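Everything below concerns the one structure shown next.
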Amino acid sequence: MSKLFRAVIMGPPGSGKGTISERIAHNFGLKHLSSGDFVRENISSKTDAGVLAKTYINKGLLVPDHVMTRLLLPRLEEMTKYSWLLDGFPRTLAQAEALNSSCDLDVAINLNIPLETLKERLRHRWIHPPSGRVYNMCFNPPRIQGLDDITGEALIQQEDDRPEALVARLRHYKDVAKPVIDFYKAKGILYTFSDTETDRIWPNINTLLSTKIPAIQSDARCASTR
Ligand SMILES: Nc1ccn([C@H]2C[C@H](O)[C@@H](COP(=O)(O)OP(=O)(O)OP(=O)(O)O)O2)c(=O)n1
Ligand SMILES: Nc1nc2c(ncn2[C@@H]2O[C@H](COP(=O)(O)OP(=O)(O)O)[C@@H](O)[C@H]2O)c(=O)[nH]1
């Protein structure tokens, strides 16, 4: 049996995690697991963790570690047969440690994007809240302005994507992400990509994963024939 591939993608709001995750999922046939989507699903189906998570999100706060972990780890257990890429989790060291005790990661992708670029992107970010689909009025506009391509429903801009809110979000991101980055660096699985354009980062990620994914699968094949 071939070994499965497990990766996480980290980066500040607007760094392109969702955009790059979609490309990775498409090119390598991995499952893209978005923690934001899991949170939204739990909120709309009113699970205990979802109801609790909503009280924090409504106040613009991050969901506490124990709630996020309770919401996410059971979903990962359903994915034991698949290779996956996890986007939006872990955001804190406690989340990284919880994840580490439930599975071994192969790669942690870290996106390092300048502040001015993040501000500019988020100013133009429009989302379709029920699905989590993301657009950018310059980079990937919807077919009809202001409307979701699939459902035709209205797109919105999030309050916390405003440039004034972004600086505080980024400061918070840096504080909580630093120990997570150090954790993955110490494990030797951290790969950092710095640029202002997703289209320039993408070929490097593509090359990295092309070396990692077949290598893991062929190692596993060798092991199984011994
Ligand atoms: N590890 C996580 C993941 C998500 N959330 C919560 C807070 C977010 O507001 C909400 C939705 O998550 P997303 O990752 O979709 O949303 P963001 O808009 O915060 O992320 P980004 O701006 O990085 O795309 O879920 C959380 O508290 N902790
Ligand atoms: N102009 C521009 N916009 C981008 C680029 N990459 C992603 N975006 C857009 O920037 C916004 C943030 O990207 P997203 O993938 O949502 O980032 P996340 O918050 O890290 O998940 C979205 O509106 C994307 O469409 C890029 O290279 N250039």
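Any read-out appearing in this document is the output of simple, stated calculations on the displayed coordinates, not a laboratory observation. Computed from a predicted model, the values in this text were never measured in an experiment. Reconstructed Cβ throughout: ideal geometry from the backbone, glycine too, with neighbour counts over all protein chains shown.
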Table column - 3J(HN,Hα) (Hz), the range 41-52, Karplus curve with 6.51, -1.76, 1.60, x for Gly and Pro: 5, 5, 5, 6, 8, 6, 5, 4, 5, x, 4, 5
Of Asn100, Asn110, Asn58, the most mobile residue in a GNM of the chain (C-alpha springs, cutoff 10 Å) is Asn58
HN-Hα couplings for the range 174-187 via Karplus (6.51, -1.76, 1.60; θ = phi - 60°), in whole Hz with x for Gly/Pro, come out as 4, 4, 7, 7, 3, x, 5, 4, 5, 4, 6, 4, 4, 7
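Run lengths n ≥ 4 of DSSP H only: what is the helix-derived mean residue ellipticity at 222 nm for the chain, with -39500 (n - 2.57) per run over all residues, to the nearest 500? Before the final figure, lay out each step's value.
Values: 8 runs with 117 residues, N = 226.
So the calculated ellipticity at 222 nm is -17000 deg cm²/dmol.
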Among 32-40, 134-142, the order from most to least packed when residues are scored by Cβ within 10 Å on average: 32-40, 134-142
Modelled label-to-label distance, Gln158 and Thr47, 7 Å Cα→beta-carbon offset: nm? 2.0
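For the range 105-210, what is the percent of antiparallel DSSP beta bridges, rounded to the nearest 5? All intermediate terms of the calculation are to be shown ahead of the outcome.
Numbers: 7 of 12 bridges.
In the range 105-210, DSSP labels about 60 percent of beta bridges as antiparallel.
Say the cut-off is 25 Å between C-alpha atoms; which of Lys3/Lys54; Lys17/Lys185; Lys17/Lys54; Lys3/Lys187; Lys17/Lys187; Lys119/Lys174 go over it? If you can, show how the numbers build up before the last one.
Working: Lys3/Lys54 36 Å; Lys17/Lys185 19 Å; Lys17/Lys54 22 Å; Lys3/Lys187 19 Å; Lys17/Lys187 21 Å; Lys119/Lys174 15 Å.
Among Lys3/Lys54; Lys17/Lys185; Lys17/Lys54; Lys3/Lys187; Lys17/Lys187; Lys119/Lys174, the Cα-Cα distance tops 25 Å for Lys3/Lys54.
For Asp199 and Asp182 in the same chain, what is the full-extension length gain: residue separation times 0.36 nm, less their Cα-Cα distance, in nm? Show your work: numbers first, answer last.
On the way: separation 17, 0.36 × 17 = 6.12 nm, distance 2.65 nm.
Going from the current span to full extension adds 3.5 nm.
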Distance in Å, no decimals, from the C-alpha centre of the range 101-135 to the one of the range 39-56 is 21
Note down the nm distance, to one decimal, between modelled labels 7 Å out along Cα→Cβ at Leu73 and at Thr211. 3.4
With a 10 Å cut-off between alpha carbons and a GNM built on the chain, which of Ile189, Ile144, Ile201 moves the most? Ile144
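Taking the square root of 5 times each eigenvalue of the Cα gyration tensor, what semi-axes in Å does the equivalent ellipsoid of the chain have, largest first?
Working: eigenvalues 159, 88, 68 Å².
Square roots of five times the eigenvalues give 28, 21, 18 Å.
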